[in-house]
Amino acid sequence: MLSVPAFSFYLFPMKRPIRILVAKVGLDGHDRGAKVIASSLKDAGMEVIYTGLRQTPEMVVSAALQEDVDAIGISILSGAQMTVFPKVLALMKEKGLTDVLLTGGGIIPEEDTKQLDALGCGRLFPPGTPTADIAAYIQHWVKQHRSQ
């Protein structure tokens, strides 16, 4: 005889986990923070694809399309956020990824954060943000914007 939890699995199959691509764009070689975030998102039940260092915006968007992700997270410490995020947003729009969250974090001045928000970028997290807050934001956004 099947137990209730096993039986309920067949009646109500679980939706797939949230899929997020975590990337380091450009020549910034500091990836410890990105790896910590990737690990914490995995611990929160998400499926994480980490692209590694020295990715181009084109490589990130191509990987996001191939992996059918719900969100892209970019870690940036190089100061190139006003080049990287708009380029990724433009490529996402071009490829039809308009229902995919673009979020990120790193050392990003508040003025740049405001400008990127106005362009359509999701929340950007400064160093020291609790990883649970980042996971909760992504989960809430995906629940509100994506049908799984």
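Nothing in this text is a laboratory measurement; each read-out follows from the coordinates by a stated rule. Bear in mind that the values here come from a model prediction, so they are computed numbers and not experimental data. Here the Cβ is made from the backbone with ideal geometry for all residues, glycine too, and neighbour counts use every protein chain on show.
For first residues located in the range 109-136 and free of Cβ contacts under 8 Å to residues at least 60 places away in the same chain and in a loop (DSSP other than H, G, I, E, B), partners that are polar (S, T, N, Q) and surrounded by 13 or more Cβ atoms within 10 Å (Cβ to Cβ) and lie 6+ apart or on another chain with Cβ distances below 6 Å form the pairs Gly122/Thr103; Arg123/Thr103.
Tell me, yes or no, whether the range 133-141 has at least one residue that is buried (at least 16 other Cβ atoms within 10 Å of the Cβ), polar (S, T, N, Q) and within 15 Å of the chain's Cα centre (by Cα).
From the range 133-141, those buried (at least 16 other Cβ atoms within 10 Å of the Cβ) are 134-135, 137-139, 141; that's our starting set.
Then drop every residue that is not polar (S, T, N, Q), which leaves 139.
Of the ones still in play, those that are also within 15 Å of the chain's Cα centre (by Cα) are 139.
There is at least one residue in the range 133-141 that is buried (at least 16 other Cβ atoms within 10 Å of the Cβ), polar (S, T, N, Q) and within 15 Å of the chain's Cα centre (by Cα).
For Gly79, are the conditions met, namely being crowded, with 17+ Cβ neighbours inside 10 Å and of a type outside the set (D, E, K, R)? Against the criterion (crowded, with 17+ Cβ neighbours inside 10 Å and of a type outside the set (D, E, K, R)), Gly79 does not qualify. Any residue that is over 11 Å from the mean Cα position of the chain (by Cα) and part of a helix (DSSP H, G or I) - is there at least one of those in the range 21-34? Yes: one or more hits.
Among the residues of the range 42-58, the one identified as in contact with a helix residue (DSSP H, G or I) (Cβ under 6 Å, 6 or more places away or on another chain) and assigned to a helix (DSSP H, G or I) is Pro57.
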